[in-house]
Amino acid sequence: MAETVHVPVGGHPYDIVIGEGLIDRLGALVRPHLARAKTVIVSDATVADLYMERAVNSLEKAGIACGHIILPPGEASKSFAQLEQLTDTLLDHKVERRDCIVALGGGVIGDLAGFASSIVLRGMGFIQVPTTLLAQVDSSVGGKTGINTRHGKNLIGSFHQPRLVVSDLAVLDTLPSRELQAGFAEVVKYGLIGDPAFFAWLEQNAGPVLGGDRAAQRHAVAVSCRAKARIVAEDERENGRRALLNLGHTFGHALEAALGYDGRLLHGEAVAVGCVMASSLAARLGLAHHDECIRVERLFAAAGMKTRAHQLADTLSAGDLLAHMAQDKKVENDRLVLISGPIGDARILRGVETDIVAAVLEDS
Ligand code: NAD
Ligand code: ZN
């Protein structure tokens, strides 16, 4: 059974369809969104090996002609060089402005193909078929697209909403467990920033969600998408509330920057430790109870994740992390997102004293 989440953004509302085996129904799902029966699927080599044939078969069965473009997997593909190659290849395929590009893959493919579709011919349609848990609950919702530059991640991009998102839960079966856990960290975040009942549900259901129980996965993905959709609809361009989605990310980005973006640390793994740090900071400021910090840490640990910086690497120093945070905070307008007690009630604080942040980092 599939579930649909509606994303009521600005002028371009769209649906997210969540269910099992949807890759094989892609043609029927996509057809109503195409102006003509032609599309180009963009994917990475790993995902293409697993799912491209089924996606193409389903589209062709629905009478849709489709080309496909396969890029190398990994964050390095979110570059100007790959963007140029992709936009040129799309033009080789003789795409028209009314056509839709289908992004089949994780957040890397969604961000890159989404950005390409926002600039080729001054903007074409695109459809997301996210294949990682992180992409299903986070990157495919909200319309942020982009690439990285030497100045940092995601600094070049656009807001470009998809016409449709198709999340097939069955594809999560082939995802490496570390990637699944990393996506789970973002799921937990939605509980922490506004939904204590969902957090409590996750405490009971982390095992089923990570173990492939479809009903549990559908619930986790749908609640997460609904939460993100609500926040994005309120604040499409990230002027206010959307910053809540960065819970744990100020700390997390510092961990990622300190350890280097070479795959040693996945983004979600950094976010998990970052959320634990954020809750511990909230406790130090008297905004959260110690018990709540324990619940946060216990949930990530139950998901098999590391919860402390020293577990990630023994080379991390509080000083280094602070320096990286200072840089990130500039980008983020000096915002720090904290958990305040009780769970589910996150708030945005500015200008927290460095000594207190340093103490949290020392402790982790
Ligand atoms: P990813 O796209 O690199 O995918 C992770 C790995 O899993 C890749 O090696 C991929 O080939 C493989 N993979 C994907 N689906 C698979 C499947 N079903 N089975 C087996 N292997 C599979 O990474 P990600 O974690 O999905 O996304 C991370 C990216 O998302 C980052 O670039 C980040 O900046 C971006 N992001 C964007 C937003 C946004 O709002 N646009 C939000 C969060 C993250
Ligand atoms: Zn994130």
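The values are calculated or read from the model by the stated rules, or taken from the named source; none is laboratory data. These figures come from a predicted structure and were not determined experimentally. Using ideal geometry, Cβ is built from the backbone for each residue, glycine included, and neighbour counts are taken over all protein chains shown.
Points worth noting:
- The residue that is farthest from the chain's Cα centre (by Cα), counting only those in segment 24-33 that are crowded, with 20+ Cβ neighbours inside 10 Å and more than 19 Å from Cys225 (Cα to Cα), is Gly27.
- Filtering segment 175-193 to residues that are under 22 Å from Lys78 (Cα atoms) and either in contact with a Phe, Trp or Tyr (Cβ under 8 Å, 6 or more places away or on another chain) or without any contact (Cβ under 8 Å) to a residue 24 or more places away in the chain (or both) leaves only Pro176.
- Options Ala170, Ala215: the member that is assigned by TED's automatic domain parsing to the domain that holds Phe126, surrounded by fewer than 23 Cβ atoms within 10 Å (Cβ to Cβ) and part of a helix (DSSP H, G or I): Ala170
- Considered as a group, the residues in segment 140-163 that are buried (at least 24 other Cβ atoms within 10 Å of the Cβ), of a type outside the set (Val, Ile, Thr) and closer than 18 Å to Leu245 by Cα include one that is nearest to ligand 1 (Cβ to nearest atom), and that residue is Ser140.
- Any hit, segment 220-238, residues being more than 21 Å from Thr4 (Cα to Cα) and either hydrophobic (A, V, I, L, M, F, W, C) or more than 12 Å from ligand 1 (Cβ to nearest atom) (or both): yes
- Any pair with Cβ under 8 angstrom, 6 or more apart, that starts in segment 201-226 at a residue that is at positive phi and ends at one that is in a helix (DSSP H, G or I) and among the hydrophobic types (A, V, I, L, M, F, W, C): Gly212/Leu172
- Test set (1) modelled with pLDDT of 95 or more; (2) assigned to a helix (DSSP H, G or I) - Thr307 fails condition number: (2)
- Tabulated pairs, segment 36-51, first touching a residue at least 40 places away in the same chain (Cβ under 8 Å) and aromatic (Phe, Trp, Tyr), second away from ligand 2 (no atom under 16 Å from the Cβ) and in a helix (DSSP H, G or I), C-beta under 7 angstrom, 6+ apart or interchain: Tyr51/Ile23; Tyr51/Val171
- Filtered residues of segment 341-362 (kept if among the charged types (D, E, K, R) and in a helix (DSSP H, G or I)): Asp355, Glu362
- Note on segment 139-174: residues that are in contact (Cβ under 8 Å) with a residue 12 or more places away in the chain and away from ligand 2 (no atom under 16 Å from the Cβ) total 20.
One line per residue, one yes/no per condition, for (1) surrounded by 18 or more Cβ atoms within 10 Å (Cβ to Cβ); (2) within 13 Å of ligand 2 (Cβ to nearest atom); (3) assigned to a helix (DSSP H, G or I):
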site: Leu244; (1), (2), (3): yes, yes, yes
site: Gly252; (1), (2), (3): yes, yes, yes
site: Leu265; (1), (2), (3): yes, yes, no
site: Gly268; (1), (2), (3): yes, yes, yes
site: Gly274; (1), (2), (3): yes, yes, yes
site: Met277; (1), (2), (3): yes, no, yes
site: Leu281; (1), (2), (3): yes, no, yes
site: Ala288; (1), (2), (3): yes, no, no
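- Residue in segment 247-299 that is nearest to Ala76 (Cα to Cα), counting only those that are more than 14 Å from ligand 1 (Cβ to nearest atom) and of a type in the set (Asp, Glu): Glu297
- Single residue of segment 175-208 satisfying the filter (among the aliphatic types (A, V, I, L, M) and within 16 Å of ligand 2 (Cβ to nearest atom)) that is surrounded by the fewest Cβ atoms within 10 Å (Cβ to Cβ): Leu180
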